[in-house]
Amino acid sequence: HCWFLQHGPRRKPHKCFSGPGVMEGLLSRCRALPVLATCSHQLSGYGPHRFYHCDPERGKRLVLSRVFQPQNLRGDQVLSLEDRSGDLTCKSQRLMLQVGLIHPASPGCYHLLPYTVRAMEKLERVIDQEMQAIGGQKVNMPSLSPAELWRATNRWDLMGKELLRLRDRHGKEYCLGPTHEEAVTALVASQKRVSYKQLPLLLYQVTRKFRDEPRPRFGLLRGREFYMKDMYTFDSSPEAARHTYGLVCEAYSSLFRRLGLRCVRVQADVGSIGGTASHEFQLPADIGEDRFAVCPSCGFSANTETLHSSQTDCPACWGPLTKARGIEVGHTFYLGTKYSSIFNAQFTNAQGKPCLAEMGCYGLGVTRILAAAVEVLSTEDCIRWPGLLAPYQVCLIPPKKGSKEEAAAELMGHLYDLITEAVPQLRGEVLLDDRTHLTIGNRLKDANKFGYPFVIIAGKRALEDPAHFEVWSQNTGEVVFLTREGVTEFLSQVRVV
């Protein structure tokens, strides 16, 4: 019927489309087809409130039973997923496997399942807000990067085995980019008429990156394929570039504050990327692979790689240093003209003379931030999210089928509709746990493990007049009983992105 609607019946054109009258007749026959008359009912689930996992704007309810989420809630199931029990060495990896946020594909590579994708999309929106607030422009560069670009900077050899390399059918060499300094500098260099009036230029992307890790570990914290936000800036002078550097660092700090992650900005080594200055954003965590030192007296902080191995005093004020372990979730570099001089990335100054652009590059590990947040915020048994990143903000739990409270099931359906109408920012953020063959207690236990910020239960008090619903705030442990109007007023304070 779809072919029929697009092309008409399979007849010769001169017989089917010989005139406007024939066309009108054809349209009339289309409208009369029984399948077309019922098409809208099929798409809407035969009723205005059929529980389907689809666009909430169409008046349907998002239900848990339709979410593709392979759950492995027993520890032995999780171990079998990763083949070797020794690989499950951190809390975030174990929990994300258990509740079906990720599924292993190959060593260091994971399928990101619906809940994780939703959380990542929210994280990317927060990143977009912060980057665009300082003038960032979003681009998308190819993952395949020609070898000649990397040979020009000598990083084809310098990166060693960590660079994933391949040849096409013509023998041309490429790598799967772990970062894009070469590509973006060549891009800007190809624009021959960049004026100083167009600077600073802040280009960023959120894309998949690749690194041939010798031993991937900790789930999404150290993998071979991952998502990263990488920004590259071009300025007219060292002073302007340092100003831009400060703006980006403050945007990173703002991002982590919004997520409720207490990251520490520390001095760092420039490594294979190069440049003259570098800082890392470290999230303190017991499983962190980095070690950093902080001076409580003056605020000095640095990765211990930049200090002498036996150094215990602050190099700024000579006070005692406090050392900790951390997960690197962000990194910034002031590059100067290291790359612009190689690719001749120039701009025209106020005097009309060509000058090399001063550059900076700035990375955020998107999948790593997500996993690191789960690592530091969660309990041993239950996931906790940064409020803005929770895949769904609200989970509704109606009564068990056949229970004394079953009559309240319809009230829960009405409450779902009321929330999505009265609290517009929560459209698409409310999930109904329709597994009514399970007790409320079992579903509440699952909801706690999944980490929904708010869980609303239709229990015994939902049968009162007026009905009262049990509202759990998962992050604080508070429980209150509210009427439907109280529920919507309470939820109107929830922030989303």
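The values are calculated or read from the model by the stated rules, or taken from the named source; none is laboratory data. Here the structure is a predicted model, which means the values were calculated and not measured. In this analysis, Cβ positions are derived from the backbone assuming ideal geometry, glycine residues included, and neighbour counts consider all displayed protein chains. All accessible areas refer to the heavy atoms of the entire protein, side chains included, with ligands and DNA or RNA removed. Shrake-Rupley method; radii C 1.70, N 1.55, O 1.52, S 1.80 Å.
Listed by position, the strands (runs of 3 or more DSSP E) enclosed by region 234-314 that each have at least 3 residues that are in the same structural domain as residue 364 (by the TED database) and not polar (S, T, N, Q) are 264-267, 277-284, 290-294.
May I ask you to verify whether residue 136 is crowded, with 18+ Cβ neighbours inside 10 Å, touching a strand residue (DSSP E or B) at 6+ places or on another chain (Cβ under 9 Å), among the small types (Gly, Ala, Ser) and modelled with pLDDT of 80 or more? Yes; evaluated as a whole, the condition is true for this residue. Mind checking which residues of region 398-420 are open to solvent by less than 30 Å² (accessible area, probe 1.4 Å) and assigned to a loop (DSSP other than H, G, I, E, B)? 398, 399 - these are the residues of region 398-420 that are open to solvent by less than 30 Å² (accessible area, probe 1.4 Å) and assigned to a loop (DSSP other than H, G, I, E, B).
Condition check ((1) over 28 Å from residue 128 (Cβ atoms); (2) within 25 Å of the chain's Cα centre (by Cα); (3) surrounded by fewer than 18 Cβ atoms within 10 Å (Cβ to Cβ)) across all residues:
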{"position": "268", "(1), (2), (3)": "no, no, no"}
{"position": "276", "(1), (2), (3)": "yes, no, yes"}
{"position": "286", "(1), (2), (3)": "yes, yes, yes"}
{"position": "291", "(1), (2), (3)": "yes, no, yes"}
{"position": "303", "(1), (2), (3)": "yes, no, no"}
{"position": "314", "(1), (2), (3)": "yes, no, no"}
{"position": "319", "(1), (2), (3)": "yes, no, yes"}
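For (1) within 23 Å of the chain's Cα centre (by Cα); (2) at negative phi; (3) outside the structural domain of residue 259 (by the TED database), each residue gets a yes or a no:
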{"position": "369", "(1), (2), (3)": "yes, yes, no"}
{"position": "372", "(1), (2), (3)": "yes, yes, no"}
{"position": "385", "(1), (2), (3)": "yes, yes, yes"}
{"position": "396", "(1), (2), (3)": "no, yes, yes"}
{"position": "402", "(1), (2), (3)": "no, no, yes"}
{"position": "406", "(1), (2), (3)": "no, yes, yes"}
{"position": "410", "(1), (2), (3)": "no, yes, yes"}
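For region 437-482, a tally of residues being open to solvent by 40 Å² or more (accessible area, probe 1.4 Å), among the polar types (S, T, N, Q) and modelled with pLDDT of 95 or more returns 3. Residues that are in a helix (DSSP H, G or I), among the hydrophobic types (A, V, I, L, M, F, W, C), out of contact with any Pro (no Cβ under 6 Å at 6 or more places or on another chain) and free of Cβ contacts under 8 Å to residues at least 24 places away in the same chain do not occur anywhere in region 95-112. Counting residues in region 210-233 that are over 30 Å from residue 101 (Cβ atoms) and either assigned to a strand (DSSP E or B) or in the same structural domain as residue 155 (by the TED database) (or both) gives one or more.
Residue by residue, here is whether (1) under 30 Å from residue 254 (Cβ atoms); (2) free of Cβ contacts under 8 Å to residues at least 40 places away in the same chain holds:
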position	(1), (2)
133	yes, no
139	yes, no
148	no, yes
163	no, no
179	yes, no
184	yes, no
201	yes, no
215	no, yes
230	yes, no
